[in-house]
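I have placed the structure first, in the form of structure tokens, so that the comments after it can refer back to it.
The values are calculated or read from the model by the stated rules, or taken from the named source; none is laboratory data. The shown structure was predicted, so the numbers you read here are calculated from the model rather than taken from an experiment. Cβ placement follows ideal geometry from the backbone for every residue including glycine, while neighbour counts extend to all protein chains displayed. Quick note on the areas: whole protein, heavy atoms, side chains included, nothing else; ligands and nucleic acids left out. Shrake-Rupley method; radii C 1.70, N 1.55, O 1.52, S 1.80 Å.
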Amino acid sequence: MAYECILTETDGAVAVITLNRPDALNAFNRQLMDELTDAVKKFEADDAIGCMVLTGSEKAFAAGADIKEMASKDYIDVLSEDFITANWEEVSRTRKPIIAAVGGYALGGGCELALMCDFIIAGDNAKFGQPEISIGAMPGAGGTQRLARFIGKSKAMEMCLTGRMMDAEEAERCGLVSRIVPKGELREEAIRVAKQIAGFSRPIVTLTKESVNRAYETTLSEGVRFERRVFHSIFAFEDQKEGMAAFAEKRKPVFKNR
Ligand code: DAK
């Protein structure tokens with residue numbers, strides 16, 4: 001598939017997907033979401049890739065769903081095309097880690113897409129919000145659910161009911177983003193972190209991601225039980241032997257991803 005609304009590149013074992021509809025602040029039309037889905041699937045299947053970065057421009061990660069494309073849809077349209085479910089959620093299904101590098105606006109579906117990633121690194125100009133209420137809509141790609149789990153009911157409710165935007169500092173304070181970097185260094189820093197992750201044992205990275213995600217799907221005791229079983233299983237990997245031997249021998253481990 002040739003891409004017109006996104007750019008893709010690889011840097012070593014890192015794939016970078018850049019949302020690229022500058023005239024619409026990267027608003028998600030159908031084509032962009034189809035392309036994003038295709039790119040994520042492609043990098044997921046590529047053994048050379050160990051981690052992905054999803055980013056936008058300095059002004060906007062994404063200003064949400066394309067309001068102009070959405071405006072004329074009826075209930076029967078969104079129901080029959082399975083709007084959002086059809087092509088919005090590949091990012092939340094990928095087993096490889098995916099980092100959102102958010103500069104500028106991450107609004108509506110843009111905020112929701114960032115929340116589907118494994119963690120968010122924010123530029124110091126980032127602004128997060130769920131402004132759908134002001135255009136006669138509501139979050140439809142997980143905003144009411146993920147925000148409530150990640151930052152708590154009070155802030156999630158306020159953001160969804162008022163459309164108030166949160167700046168990078170507030171987002172870091174309440175745990176929405178892992179950290180803030182100067183906007184000019186955002187892309188480079190996200191790639192640096194992604195390279196670090198891609199350099200670890202791939203199967204262990206996969207299992208670690210799965211285990212953290214389980215925290216949002218189950219009770220604490222079931223989650224800890226899941227973690228313990230997975231933890232025991234990593235002793236079957238050559239990479240566990242190599243990692244611990246390398247520590248004892250004061251050298252860098254060479255992981256074989258097995
Ligand atoms: N859609 C389409 N075009 C957009 C856009 C968007 N979301 N956001 C910006 N643009 C376009 C503007 O129309 C403008 O285009 P031209 O007029 O130049 O042709 C261009 O991008 C630059 O935008 P501005 O001129 O407005 O730039 P400013 O710097 O003045 O303002 C802004 C930036 C981000 C504050 C502003 O553009 C803004 O408020 N944008 C809309 C943000 C928003 O409301 N996002 C939420 C979208 S709704 C569901 C239904 C809906 C949804 C989910 C599920 N179901 C049916 C299940 C919800 C989805 C959403 O995300």
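Considering region 138-155, the residues that are assigned to a loop (DSSP other than H, G, I, E, B) and within 13 Å of the ligand (Cβ to nearest atom) include one that is surrounded by the fewest Cβ atoms within 10 Å (Cβ to Cβ), namely M138. Step by step: first the residues of region 43-67, then only those that are touching a residue at least 12 places away in the same chain (Cβ under 8 Å) and open to solvent by 50 Å² or more (accessible area, probe 1.4 Å), then the one that is farthest from the ligand (Cβ to nearest atom). Which residue is that? By that ranking, first place goes to A48.
Within region 117-137, the set of residues being open to solvent by 10 Å² or more (accessible area, probe 1.4 Å), more than 7 Å from the ligand (Cβ to nearest atom) and without any contact (Cβ under 8 Å) to a residue 40 or more places away in the chain comprises I133, G136. Selection of region 89-109 for residues being open to solvent by 10 Å² or more (accessible area, probe 1.4 Å), without any contact (Cβ under 8 Å) to a residue 60 or more places away in the chain and away from the ligand (no atom under 11 Å from the Cβ) yields E89, E90, S92, R93.
Can you work out which of the residues in region 1-41 that are more than 16 Å from the ligand (Cβ to nearest atom) and free of Cβ contacts under 8 Å to residues at least 12 places away in the same chain is farthest from W88 (Cα to Cα)? Here the residue is E9.
Yes or no, residue by residue, for (1) more than 23 Å from G140 (Cα to Cα); (2) under 16 Å from the mean Cα position of the chain (by Cα):
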residue	(1), (2)
C5	no, no
T10	yes, no
R21	no, no
A24	no, no
Q31	no, no
D34	no, no
K41	no, yes
D47	yes, no
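If the condition is being under 25 Å from T219 (Cα atoms) and over 16 Å from the mean Cα position of the chain (by Cα), then region 152-177 contributes G152, K153, S154, K155, A156, M157, C174. Among helices (runs of 4 or more DSSP H) entirely within region 1-115, having at least 3 residues that are among the aliphatic types (A, V, I, L, M) singles out 30-45, 75-80. Checked against (1) over 21 Å from A126 (Cβ atoms); (2) modelled with pLDDT of 95 or more; (3) open to solvent by 10 Å² or more (accessible area, probe 1.4 Å), E81 meets all criteria but (2). Applying a threshold of 7 Å to beta carbon distances and a minimum spacing of six or more residues, or different chains, the list of pairs starting in region 237-258 at a residue that is open to solvent by 40 Å² or more (accessible area, probe 1.4 Å) and ending at one that is of a type in the set (S, T, N, Q) reads F237/S201; F255/S201; N257/S201. In this structure, E112 does satisfy being within 13 Å of the ligand (Cβ to nearest atom) and open to solvent by less than 20 Å² (accessible area, probe 1.4 Å). Among the numbered conditions (1) within 25 Å of T55 (Cα to Cα); (2) open to solvent by less than 30 Å² (accessible area, probe 1.4 Å); (3) of a type in the set (V, I, T), the only one that T208 does not meet is (2).
On inspection, A215 does not qualify as in contact with a strand residue (DSSP E or B) (Cβ under 9 Å, 6 or more places away or on another chain), surrounded by 11 or more Cβ atoms within 10 Å (Cβ to Cβ) and under 30 Å from V91 (Cβ atoms).
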